[in-house]
Amino acid sequence: MANIKPFGTWPSPVSADSLAAGLSASDITVDHQTVYWCEVVPSEQGRGQIFSRSLVSGNEPKPLLPPGYSCVSRVHEYGGGSFTVRNGLVLFSNDKDKRIYSIDTKTNVIEPITNDSNGLLRYGDIKLSDDNTWAVCIEEVHKEQEEPKDVINRLVSVRIGDGAVNILAEGHDFYSTPRISGQKLAFISWDHSNMPWDYTQLNIAEINAEGTALTTSKQVPTVKESFVQPEFSADGTLYVASDRSGFWNLYSYNPNDDNIDLLLPEALDQEFAGPEWRLNGSYYTPLVSDPSKIVCGNKDKLAILDTKAKTLTNIESLSNYITFSFIHSYCDEQTDQEIIIANATSTSAPCELVAYNTHDNSINVLRPSTAPPLDPSYVSIGQEIEFPTTSDKTAYAFFYSPVSPDYAGPEGTKPPLRVLSHGGPTSNTDRGYNRSIQYWTTRGFAIVDVNYGGSTGYGREYRNRLNKQWGVVDVDDCCNAAIYLAEKGLVDGDKLAIEGGSAGGFTTLAALAFRDVFRAGCCQYGISDMTLLAKETHKFESRYPDNLIGEYPKDKDIYEERSPLFSADKITCPVIFFQGSEDKVVPPSQSEVMVNALKKGGVPVAYVKYEGEAHGFRRAENIKRTVELEQWFYGKIFGFPVEGVEGVTIYNLPNQK
């Protein structure tokens, strides 16, 4: 029989320490029977480590970088493509000085490649040439005292021997995804005020043998569409994702007629790619042994798209998993067996790096989750819900009910609800296992993870719901998700909290300022003053608000009207803020002006700033501290005890001990 304890106070097998056990692999690549990946190591102050593991020997993952090095790219601030490997040579971007370094995997010798630029030159999306004599990448040029307009992005090549940098393409505001096939080069470019999911150009070029200059270059004819991830197959065919149909589908480029040809008989109303926040994403990959076949996501399955038969067939051996990322393929040179490598997550277990052998259907887990496994009896599996929202529309979310085999809430009570507003805002959430969600559900909280209007995964029309409506549509959808669940009797309508980071932090604060639904809020590095966002943020997002709100300063009134700061007097419920001191995406001033306004207004408010953290927390002690303090804060507000947590000052909270 279950023990009776108030919701929110249940003892849980999911510790806060385990949430900082390690993040999933990124920038995955394969070279000669060895898989390489980058991973943030929270226990080492959040540095980026490169790991390698053989596909044949069964050895444990091997770290490549000694202390003092951190593999991180900060191009566009969000980075990506921080390293690459070819024929035993590793190139990586070192976070400390932003230079490119090489590692000879035979000798483990690390040497600088690019010259010291006082950290003002950044590199990302690095790709080596076939002969390892040069690499192409995105270079981002900064100044000591700069505004977003001063930052220059361009496509360059780097000579391995002496580190000489040659400009291949410049003039556009942004470049991404350079891909090489012999002397052929494909890349993406776009200009303000577009973001990469609005309108991009696909460029096809020839590069000389020395890798120092483009001999030809042209843009593929386009409608207004978003191209994502051009990719050459082993036979030189160029594939690309495009949302010209309204959804990101897969196409091939035909150089004979300059056309983009759909790979299936008709475009499907589902996404085969996503928004390019980070460089070097891999939503699909052509098979090496048969370039006419492509491995790609098919909703919550991994599938083979046969470009000749124009069919899409799920890989049933991987049906236990529902989300896949950084998809790559490798053909064993000795056995000719094709191996698919990807991050894979199920509904009930954390993300793993897996290798799937297409010959014998075997699955080898290359990088198990570093977090301890959770007994399935404690796992809350997300259920997708559709709920009514403003203007007779429908929005989407994943609902997680509290689960514990040991505890139940008192009869007649319902759990508190924690509404999650994802960042971006042009992003999304899925129902893949998330240990941080299980931290809350095993303690007796209900969670609803909202894909509000403007989220990706539902096509361009749904994504465009947020155009000129940021701070309205997202707020309505988060509020309506909470109201829907309360009216269904699934949660306590008097204990509704909302939490979000970055853009989700803005939605959180806007929901508290402009609606009367929630009784508590948690804002992590969130935007409080939209005018400061327009004035202070980095180049990549500096024109992002043009489409979401309006042009600044022409539409200054709308910015102020949507900004929680200018309506701080309307917030009456308690809020806790978390902020990194080195955040360049959402500077600390964004949180601090809001905290000061609430303090002056007599609203209970707490503020936690982490020295040395940037946009998103990478250090183990800060990840742990954040989740523990958020739970402690809700306990203070909703009236249940949270033991073993050293609290912080909640200004304006009476009778605080």
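The values are calculated or read from the model by the stated rules, or taken from the named source; none is laboratory data. All figures in this text were calculated on a predicted structure; none of them were measured in a lab. Note that each Cβ is placed from the backbone with ideal geometry, even for glycine, and that neighbours are counted across all protein chains shown.
Is there a residue being at pLDDT 95 or above and surrounded by fewer than 18 Cβ atoms within 10 Å (Cβ to Cβ) anywhere in segment 116-130? Walk me through how you get there before you give the answer.
Restricting attention to segment 116-130, the residues satisfying the condition of being at pLDDT 95 or above are 120-129.
Checking which are surrounded by fewer than 18 Cβ atoms within 10 Å (Cβ to Cβ) leaves us with 120.
Yes: segment 116-130 contains one or more residues that are at pLDDT 95 or above and surrounded by fewer than 18 Cβ atoms within 10 Å (Cβ to Cβ).
Determine if segment 391-400 includes at least one residue that is outside the structural domain of residue 320 (by TED's automatic domain parsing), β-branched (Val, Ile, Thr), buried (at least 21 other Cβ atoms within 10 Å of the Cβ) and over 20 Å from residue 322 (Cα atoms).
no
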Quick one: residue 348 ticks every box in (1) surrounded by fewer than 20 Cβ atoms within 10 Å (Cβ to Cβ); (2) modelled with pLDDT under 95; (3) in contact with a Lys or Arg (Cβ under 9 Å, 6 or more places away or on another chain) except a single one, so which number is it? (3)
In the set 273, 309, the lone residue that is part of a loop (DSSP other than H, G, I, E, B) and either crowded, with 20+ Cβ neighbours inside 10 Å or within 24 Å of the chain's Cα centre (by Cα) (or both) is 273
Answer with yes or no whether residue 358 is more than 30 Å from residue 458 (Cβ to Cβ), of a type in the set (S, T, N, Q) and either over 21 Å from the mean Cα position of the chain (by Cα) or modelled with pLDDT of 95 or more (or both). yes
State whether the residues of segment 19-27 include one that is in contact with a helix residue (DSSP H, G or I) (Cβ under 6 Å, 6 or more places away or on another chain) and more than 30 Å from residue 191 (Cβ to Cβ). yes
Within segment 288-346, residues among the β-branched types (Val, Ile, Thr) and more than 23 Å from residue 264 (Cβ to Cβ) come out as 335, 339, 341, 345
Identity of the residue in segment 514-531, surrounded by fewer than 24 Cβ atoms within 10 Å (Cβ to Cβ) and outside any loop (DSSP other than H, G, I, E, B), that ends up modelled with the lowest pLDDT: 531
Hey, residue 226 in contact with an Asp or Glu (Cβ under 9 Å, 6 or more places away or on another chain), within 26 Å of residue 286 (Cα to Cα) and assigned by TED's automatic domain parsing to the domain that holds residue 73 or not: yes
Among what's in segment 625-657 and is under 19 Å from residue 438 (Cβ atoms) and hydroxyl-bearing (Ser, Thr, Tyr), pick the residue that is farthest from the chain's Cα centre (by Cα). 634
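Answer yes if at least one residue in segment 438-460 is assigned to a loop (DSSP other than H, G, I, E, B), at pLDDT below 95 and under 24 Å from residue 346 (Cα atoms), and no otherwise.
Applying the first criterion (assigned to a loop (DSSP other than H, G, I, E, B)) to segment 438-460 yields 442-445, 452-459.
Among the residues that remain, those that are also at pLDDT below 95 are: none.
No, the conditions are met nowhere in segment 438-460.
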Going residue by residue through segment 483-495, is there one that turns out to be under 27 Å from residue 542 (Cβ atoms), at pLDDT 95 or above and aliphatic (A, V, I, L, M)? no
Looking at (1) modelled with pLDDT under 95; (2) under 28 Å from the mean Cα position of the chain (by Cα), find the lone condition where residue 188 falls short. (1)
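Starting from residues that are among the polar types (S, T, N, Q) and surrounded by 18 or more Cβ atoms within 10 Å (Cβ to Cβ), keep the ones in segment 1-32 and report whichever is nearest to residue 106 (Cα to Cα). Give the steps one after another, and end with the answer.
So the first thing to find is which residues in segment 1-32 are among the polar types (S, T, N, Q), and the list is 3, 9, 12, 15, 18, 24, 26, 29.
Within this subset, residues satisfying the condition of being surrounded by 18 or more Cβ atoms within 10 Å (Cβ to Cβ) are 12, 18, 24, 26, 29.
Details: 12: 46, 18: 35, 24: 26, 26: 23, 29: 18 Å.
The qualifying residue nearest to residue 106 (Cα to Cα) is 29.
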Can you pull out the residues in segment 199-232 that are under 27 Å from residue 159 (Cβ atoms) and small (Gly, Ala, Ser)? 205, 209, 211, 213, 217
Among (1) buried (at least 16 other Cβ atoms within 10 Å of the Cβ); (2) of a type outside the set (Phe, Trp, Tyr); (3) assigned by TED's automatic domain parsing to the domain that holds residue 404, there is one condition residue 384 misses while meeting the rest; what is its number? (1)
Looking at (1) modelled with pLDDT under 95; (2) within 22 Å of the chain's Cα centre (by Cα); (3) of a type outside the set (Lys, Arg), which is the only condition residue 540 fails? (1)
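Based on what the data block shows, is residue 603 within 13 Å of residue 16 (Cβ to Cβ) and either aliphatic (A, V, I, L, M) or in the same structural domain as residue 510 (by TED's automatic domain parsing) (or both)? Please lay out each step first, then the result.
Working: within 13 Å of residue 16 (Cβ to Cβ): no; either aliphatic (A, V, I, L, M) or in the same structural domain as residue 510 (by TED's automatic domain parsing) (or both): yes.
Considered against the rule, which asks whether it is within 13 Å of residue 16 (Cβ to Cβ) and either aliphatic (A, V, I, L, M) or in the same structural domain as residue 510 (by TED's automatic domain parsing) (or both), residue 603 comes out as no.
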Does segment 628-642 contain any residue that is surrounded by fewer than 20 Cβ atoms within 10 Å (Cβ to Cβ) and within 23 Å of residue 424 (Cβ to Cβ)? no
Residue 216 versus (1) buried (at least 16 other Cβ atoms within 10 Å of the Cβ); (2) of a type in the set (Ser, Thr, Tyr); (3) free of Cβ contacts under 8 Å to residues at least 24 places away in the same chain: which is the lone unmet condition? (1)
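Yes/no per residue for (1) closer than 25 Å to residue 579 by Cα; (2) touching a strand residue (DSSP E or B) at 6+ places or on another chain (Cβ under 6 Å); (3) surrounded by fewer than 24 Cβ atoms within 10 Å (Cβ to Cβ):
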site: 474; (1), (2), (3): yes, no, no
site: 477; (1), (2), (3): no, yes, no
site: 482; (1), (2), (3): no, yes, no
site: 487; (1), (2), (3): no, no, yes
site: 491; (1), (2), (3): no, yes, no
site: 498; (1), (2), (3): yes, yes, no
site: 504; (1), (2), (3): yes, yes, no
site: 509; (1), (2), (3): yes, yes, no
Single unsatisfied condition, residue 65 versus (1) among the hydrophobic types (A, V, I, L, M, F, W, C); (2) within 27 Å of residue 211 (Cα to Cα); (3) surrounded by 22 or more Cβ atoms within 10 Å (Cβ to Cβ): (2)
Selection status of residue 193, of a type in the set (S, T, N, Q), over 30 Å from residue 427 (Cβ atoms) and assigned by TED's automatic domain parsing to the domain that holds residue 29: no
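Before we move on, is residue 227 touching a Cys at 6+ places or on another chain (Cβ under 9 Å) and closer than 19 Å to residue 461 by Cβ?
No, not satisfied.
Evaluate segment 606-620: report whether one residue or more is touching a helix residue (DSSP H, G or I) at 6+ places or on another chain (Cβ under 8 Å) and farther than 30 Å from residue 18 by Cβ. Lay out the reasoning, then the answer.
In the first step, residues of segment 606-620 are kept if they are touching a helix residue (DSSP H, G or I) at 6+ places or on another chain (Cβ under 8 Å); the result is 606-610, 613, 617-620.
Filter again for farther than 30 Å from residue 18 by Cβ, leaving none.
No, the conditions are met nowhere in segment 606-620.
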Counting only residues that are closer than 22 Å to residue 630 by Cβ and aliphatic (A, V, I, L, M), which one in segment 5-57 is modelled with the highest pLDDT? 14
From the list 138, 126, 110, exactly one residue is in contact with a Cys (Cβ under 6 Å, 6 or more places away or on another chain) and more than 24 Å from residue 369 (Cα to Cα). Which is it? 126
